[in-house]
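Peer 1: Mind looking over this structure? Questions follow.
The values are calculated or read from the model by the stated rules, or taken from the named source; none is laboratory data. What you see is a predicted model, and the numbers here were worked out from it, not measured in a lab. Cβ placement follows ideal geometry from the backbone for every residue including glycine, while neighbour counts extend to all protein chains displayed.
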Amino acid sequence: MVSATVIVSIPTLLLAAVYPALDDELGFGGTTLGSAVGAYWATAAVGSAVVARVGSRAGASLLLVAAFALAAVSTAGVAVWTPTPSALVAWIALGGVASACAHPAANHVLAGVISGRRASAAFGLKQASVPIAGLLAGVSVPLIVAVFGWRAAFASAAFVAAGLLLVTLLARRSGGRAESRPIRRDRNPHRRLIALSAVGGLASGAATASATFFVVAAVDRGVAAADAALLLATAGALSAGTRIAVGWLAAGRAGAALRWLSLLVALATIGATLLATGTGGWFVVGFLAVVGVGWGWPGLLHYVARLAPDPRSATGLVLLGTYSGNAAGPLLFGVVSTTVGIATAWWVNAAALGVSSVIAGATAWANRRTG
């Protein structure tokens with residue numbers, strides 16, 4: 001399941017990592033990069049809405065087949081045929097649909113085979129694979145791009161996705177099924193899922209915007225570009241480690257997961273305030289709080305969604321909010337920073353996280369009252 005999450009995260013993360021080399025060859029410009037990343041998250045959001053409706057009728061293995069096939073086509077298309085910026089955007093957007101298929105399928109499988117304390121830890125590990133995919137994309141630059149070119153990096157990703165597709169097809173043909181374990185389901189999940197979708201959209205949008213614009217903002221404040229990039233990688237590692245740690249600390253309990261989620265979003269809110277007001281070291285601390293430790297909650301979000309009667313549809317609903325935030329957050333930040341100023345944009349981020357923190361806290365409190 002980690003492999004599924006990694007491979008569907010690769011199209012946009014790998015594009016960001018290799019874009020300087022791609023732009024040198026094709027001359028598409030920076031606007032194309034932003035359009036491609038935005039298209040990825042937009043199609044992921046729309047795809048999640050569809051999966052939320054049909055998830056109960058589509059089997060997990062069928063969704064995984066679709067995810068691996070779309071990821072393979074997306075990355076192979078970028079490697080083989082990108083004559084125009086529109087073609088590049090279209091290929092990357094296809095990867096967003098792959099992501100919309102993969103997460104609900106992976107969550108459904110985990111919900112069926114892992115229970116107890118290990119369940120929330122497994123979801124933390126699964127979601128840690130997203131920042132890990134970013135690290136892999138970064139590593140590909142010196143190992144593949146510098147030697148064989150950016151097309152080889154995308155071709156390698158397509159090869160891996162095709163291999164995973166073949167394995168999944170063979171597993172479907174053999175008829176092997178994981179043993180399902182009993183799970184204590186949430187009897188009235190809809191209101192909670194709507195709240196968690198809002199939390200995911202607001203918090204993820206702010207974190208994605210912070211990660212997208214940090215290097216530029218840091219360089220403007222006098223930080224060397226190489227040091228800013230290192231801080232970005234450090235934040236990714238912190239996020240991955242936090243996702244695994246809090247998944248284990250939640251100990252397979254929905255109440256504990258919601259409390260940890262609330263705490264992490266509150267920490268991110270404090271970090272966003274430092275980004276808006278801090279200078280020097282405090283600005284860096286704020287960034288690491290928002291994009292590093294404070295972005296450690298996605299596994300908890302997915303774990304709580306699995307407790308719904310239909311985990312695939314529940315995941316689709318939660319991801320609809322998260323992906324919408326990922327698409328809208330950087331766009332809003334860019335518009336505000338251009339028209340009003342980047343200081344105001346940081347405050348908008350802090351406000352979004354503050355609202356998200358209030359919703360998360362209220363959801364955790366309501367869970368304690370209802371048990």
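Peer 1: Name the single residue that is modelled with the highest pLDDT among those in the range 183-198 being among the aliphatic types (A, V, I, L, M) and under 28 Å from VAL355 (Cα atoms). Give the derivation first.
Peer 2: Step one: list which residues in the range 183-198 are among the aliphatic types (A, V, I, L, M), which gives 183, 193-196, 198.
Adding the requirement that they be under 28 Å from VAL355 (Cα atoms) leaves 193-196, 198.
Details: LEU193: 88, ILE194: 91, ALA195: 92, LEU196: 92, ALA198: 95.
Looking at residues that are among the aliphatic types (A, V, I, L, M) and under 28 Å from VAL355 (Cα atoms), I get ALA198.
Peer 1: Please note which helices (runs of 4 or more DSSP H) are completely contained in the range 60-146 and include at least 1 residues that are surrounded by 18 or more Cβ atoms within 10 Å (Cβ to Cβ) and more than 20 Å from the chain's Cα centre (by Cα).
Peer 2: Details: elements: 60-80, 85-113, 117-140.
Output list reads 60-80, 85-113.
Peer 1: Still on this structure, I have one more. Check GLY316, GLY361 and return the single one that is within 20 Å of VAL290 (Cβ to Cβ) and either assigned to a helix (DSSP H, G or I) or modelled with pLDDT under 90 (or both).
Peer 2: Of the residues listed, the single one that is within 20 Å of VAL290 (Cβ to Cβ) and either assigned to a helix (DSSP H, G or I) or modelled with pLDDT under 90 (or both) is GLY361.
Peer 1: Since SER180 meets every condition but one in (1) modelled with pLDDT under 80; (2) within 19 Å of ASP23 (Cα to Cα), which condition does it not meet?
Peer 2: (2)
One line per residue, one yes/no per condition, for (1) out of contact with any helix residue (DSSP H, G or I) (no Cβ under 8 Å at 6 or more places or on another chain); (2) of a type in the set (D, E, K, R); (3) within 15 Å of GLY354 (Cα to Cα):
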{"residue": "GLY200", "(1), (2), (3)": "no, no, yes"}
{"residue": "ALA203", "(1), (2), (3)": "no, no, yes"}
{"residue": "THR212", "(1), (2), (3)": "no, no, no"}
{"residue": "ALA224", "(1), (2), (3)": "yes, no, no"}
{"residue": "ALA235", "(1), (2), (3)": "no, no, no"}
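Peer 1: Now, a different point. Could you tell me whether any residue of the range 247-257 is on the phi < 0 side of the Ramachandran plot, part of a loop (DSSP other than H, G, I, E, B) and touching a residue at least 24 places away in the same chain (Cβ under 8 Å)?
Peer 2: Step one: list which residues in the range 247-257 are on the phi < 0 side of the Ramachandran plot, which gives 247-250, 253-257.
Checking which are part of a loop (DSSP other than H, G, I, E, B) leaves us with 250, 253.
After this cut, where a residue has to be touching a residue at least 24 places away in the same chain (Cβ under 8 Å) as well, the list is 250, 253.
Yes, the conditions are met somewhere in the range 247-257.
Peer 1: Any residue in the range 113-124 that is within 11 Å of HIS302 (Cβ to Cβ) sitting within a Cβ distance under 9 Å of a residue that is at pLDDT 70 or above and among the charged types (D, E, K, R)? List the pairs, counting only those 6 or more apart or interchain.
Peer 2: Close Cβ pairs satisfying both conditions: ALA119/ARG306; SER120/ARG253; PHE123/ARG243; PHE123/ARG306; GLY124/ARG243.
Conditions tested, residue by residue: (1) assigned to a helix (DSSP H, G or I); (2) of a type in the set (Gly, Ala, Ser).
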residue	(1), (2)
THR279	no, no
VAL284	yes, no
VAL290	yes, no
GLY294	yes, yes
HIS302	yes, no
PRO309	no, no
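Peer 1: Something else: Got a number for residues in the range 242-297 being of a type in the set (Val, Ile, Thr) and under 19 Å from the mean Cα position of the chain (by Cα)?
Peer 2: Filtering the range 242-297 down to residues of a type in the set (Val, Ile, Thr) leaves 242, 244, 246, 265, 269-270, 273, 277, 279, 284-285, 290-291, 293.
Okay, now just the ones that are also under 19 Å from the mean Cα position of the chain (by Cα), so 242, 244, 246, 265, 269, 290-291, 293.
Qualifying residue count, the range 242-297: 8.
Peer 1: Quick one: TYR323 ticks every box in (1) crowded, with 24+ Cβ neighbours inside 10 Å; (2) at pLDDT 90 or above; (3) closer than 30 Å to VAL109 by Cα except a single one, so which number is it?
Peer 2: Of the numbered conditions (1) crowded, with 24+ Cβ neighbours inside 10 Å; (2) at pLDDT 90 or above; (3) closer than 30 Å to VAL109 by Cα, the odd one out for TYR323 is (2).
Peer 1: Every residue in the range 10-54 that is surrounded by fewer than 21 Cβ atoms within 10 Å (Cβ to Cβ) and of a type in the set (Ser, Thr, Tyr), please.
Peer 2: TYR19, THR31, SER35
Peer 1: Can you tell me which residue among VAL355, VAL340, VAL335 is free of Cβ contacts under 8 Å to residues at least 40 places away in the same chain and within 21 Å of ALA45 (Cβ to Cβ)? It would help to see each step written out before you state the result.
Peer 2: Values: VAL355 fails: free of Cβ contacts under 8 Å to residues at least 40 places away in the same chain; VAL340 fails: within 21 Å of ALA45 (Cβ to Cβ).
Only one candidate qualifies: VAL335.
Peer 1: Condition (residue is in contact with a Ser or Thr (Cβ under 6 Å, 6 or more places away or on another chain), modelled with pLDDT of 90 or more and crowded, with 24+ Cβ neighbours inside 10 Å) applied to the range 260-275: is it met by at least one residue? Full working, then the answer.
Peer 2: Taking the range 260-275 as the starting set, the residues that turn out to be in contact with a Ser or Thr (Cβ under 6 Å, 6 or more places away or on another chain) are 265-266, 269.
Remaining after also requiring modelled with pLDDT of 90 or more: 265-266, 269.
Filter once more, keeping what is crowded, with 24+ Cβ neighbours inside 10 Å: 265, 269.
Looking through the range 260-275, at least one residue is in contact with a Ser or Thr (Cβ under 6 Å, 6 or more places away or on another chain), modelled with pLDDT of 90 or more and crowded, with 24+ Cβ neighbours inside 10 Å.
Peer 1: Something else now. So THR234 clears everything in (1) β-branched (Val, Ile, Thr); (2) within 19 Å of the chain's Cα centre (by Cα); (3) crowded, with 19+ Cβ neighbours inside 10 Å except one condition, right? Which one?
Peer 2: (3)
Peer 1: Continuing with the same structure: Out of all the residues in the range 27-39, which are part of a helix (DSSP H, G or I) and in contact (Cβ under 8 Å) with a residue 60 or more places away in the chain?
Peer 2: So the first thing to find is which residues in the range 27-39 are part of a helix (DSSP H, G or I), and the list is 30-39.
Hits for the range 27-39 are GLY34, VAL37, GLY38.
Peer 1: From ALA289, ALA305, grab the single residue that is in contact with a helix residue (DSSP H, G or I) (Cβ under 6 Å, 6 or more places away or on another chain) and either in contact (Cβ under 8 Å) with a residue 24 or more places away in the chain or at positive phi (or both). Lay out the reasoning, then the answer.
Peer 2: Details: ALA289 fails: either in contact (Cβ under 8 Å) with a residue 24 or more places away in the chain or at positive phi (or both).
Going through ALA289, ALA305 in turn, the sole match is ALA305.
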